[in-house]
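The values are calculated or read from the model by the stated rules, or taken from the named source; none is laboratory data. All values reported here derive from a predicted model rather than from experimental measurement. Glycine also receives a Cβ, built like all others from the backbone with ideal geometry; neighbour counts cover every protein chain displayed. These accessible areas exclude ligands, DNA and RNA; they are computed on the full protein's heavy atoms, side chains included. Shrake-Rupley method; radii C 1.70, N 1.55, O 1.52, S 1.80 Å.
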Amino acid sequence: MGTRYLLALFLVLLALAFEVQGTHEPQEDEAASTPLLTKMQESLLSYWDSAKTAAQDLYKKTSLTTVDEKIRDMYSKSTAAVSTYAEILTDQFLSLLKGDS
């Protein structure tokens, strides 16, 4: 659920960033409003960078170890099951070839 939340937050911020860049309407006081827009853009970019860094740190701290453990556990269980069934099939095949019942 945390990954979905971060993805949704990322998409919302990305849409807002493109919306801010896409709505450029010339005004009479454009020279006076440019520093304000620059400050807002710098502020949003700094918030975005800090959020991105925090999300990456959180992912590295929590997800990788738990995901690695889950993957290793699933791999060991699945290989154990496959080897068991492969041995059963091998025995059945050999008994068919020998003609033993």
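Please verify whether Glu25 is under 24 Å from Leu14 (Cβ atoms), open to solvent by 100 Å² or more (accessible area, probe 1.4 Å) and either modelled with pLDDT under 90 or over 27 Å from the mean Cα position of the chain (by Cα) (or both), treating the condition exactly as stated. For Glu25, the condition - under 24 Å from Leu14 (Cβ atoms), open to solvent by 100 Å² or more (accessible area, probe 1.4 Å) and either modelled with pLDDT under 90 or over 27 Å from the mean Cα position of the chain (by Cα) (or both) - is met.
Looking across region 1-22 at every residue that is over 19 Å from Thr62 (Cα atoms) and among the β-branched types (Val, Ile, Thr), the one that is modelled with the highest pLDDT is identified as Val12. For region 43-101, a residue qualifies if it is open to solvent by less than 80 Å² (accessible area, probe 1.4 Å), under 29 Å from Ala8 (Cα atoms) and among the charged types (D, E, K, R), and the qualifying residues are Asp49, Asp57, Asp68.
Which is at pLDDT below 85 and either under 21 Å from the mean Cα position of the chain (by Cα) or assigned to a helix (DSSP H, G or I) (or both), of Thr62, Thr53, Thr84, Thr90? Unique residue meeting the criteria: Thr62.
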